[in-house]
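First up is the structure itself, then whatever we jot down about it.
The numbers here are math on the coordinates, done by the rules we state, and not lab data. Quantities reported herein were computed from a predicted structural model and do not represent experimental measurements. Every residue, glycine as well, gets a Cβ built from its backbone with ideal geometry; the counts of neighbours run over all protein chains shown.
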Amino acid sequence: MSKKYFTVAEANQLLPMIREEIAALQQIRNEFRQKYLELTTYKKRHVQQAALDTQEEYIFKLESSMEFLEIQAKMHVNNIRNQGAQLKEIEPGLVDFPTIINGEEALLCWREGEEKITHYHGLYDGFAGRKKLE
């Protein structure tokens, strides 16, 4: 698959979908953290007890639900990648879009909370190297 380059308008058109994917990923991450905490707490409390079928079943259900959340998260990440965008962070949402500026490869940069794309940075500059689009 060849690399896709975005215009600012093309990247902005994707933002509604990107926002939905980021929101879904944030929700999944929160659920995963909650289940992980529940699992580790449960295991600590029941480590001294003999392995009962009900305990093993409960642990299996928690671990299975966590695996399912992981599969869901991968699907949302792939939805972003399949558009040609690059997910950098989930919280806050941070997504880059490859572009060409002044004949050089660069990345249009969007951060959750921004209405539209107004910044870019070099390939190796990262968020700290953001510059305002002219």
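Structural remarks
- For Cα Rg over 2.2 N^0.38 Å, calculated from these coordinates, the label among (1) 1.42; (2) 0.99; (3) 1.67: (1)
- Taken about its Cα centre, the range 8-132 carries a charge dipole of about 320 debye when Lys and Arg each add +1 at the Cβ and Asp and Glu each add -1 at the Cβ.
- Separation of the alpha carbons by more than 19 angstrom is noted, of Lys4/Lys88; Lys35/Lys61; Lys3/Lys132, for Lys3/Lys132.
- Summary of packing: across the peptides 109-121, 85-97, the per-residue average of other C-beta atoms within 10 Å ranks them, highest first, as 85-97, 109-121.
- The chain: angle of helix 8-45 to the longest principal axis, Cα-based, in degrees nearest 10: 20
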